[in-house]
Every structure is written in structure tokens, then in C-alpha cells.
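So the structure is just underneath, and the comments pick up after that.
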Amino acid sequence: MHTDVHLTLHALRSAELRREAAGFRMATASRETTRPRRARTDLRTRLGWSLVELGLRLVNRPVARTRTHLA
């Protein structure tokens, strides 16, 4: 690919990503003004710690020993 074409494509993609990021920021800002973020964060925190606890229980549970017949 020619360098000028590559540079043009990069500039177009960069501008597109900046537009998407600006739109996302605007949507996030309007959403934060309509409802508090604290309740959502608390729920995420509780869910996250519950998953960590579940994972630790699965990792630390005793392994069932089976008898092997070596005859």
C-alpha cells in the first residue's frame, strides 16, 4: 500500500474513532445526570466479590479420591 493512501486511511479511521468517543462521552454524561451511578457501582462491586468468593470455593474444594485398580 502506498504511504499516502495508508496515511489517509489512518486519518479517516482516527477521525471516526474520535467521533464515536465524543458520542459515547455525551451519552455517558446524559445518563449520569438522569440516575445516580452509586447504586450501579455498588451492585457491580457486590457481584464482583461474590464471583471471587465462588471462584475461591471452587479452587479450594477437596478433590474426590478414586481407587485405581492396578491389576
Item to check | Any hit, segment 7-26, residues being surrounded by fewer than 10 Cβ atoms within 10 Å (Cβ to Cβ) and modelled with pLDDT under 90 | outcome: no
Checklist entry - Only one residue in Thr33, Thr66 is part of a helix (DSSP H, G or I), surrounded by fewer than 10 Cβ atoms within 10 Å (Cβ to Cβ) and at pLDDT below 90. Which one? => result Thr33
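The values are calculated or read from the model by the stated rules, or taken from the named source; none is laboratory data. From a predicted model like this one, the values you see are computed outputs, not experimental measurements. Reconstructed Cβ throughout: ideal geometry from the backbone, glycine too, with neighbour counts over all protein chains shown.
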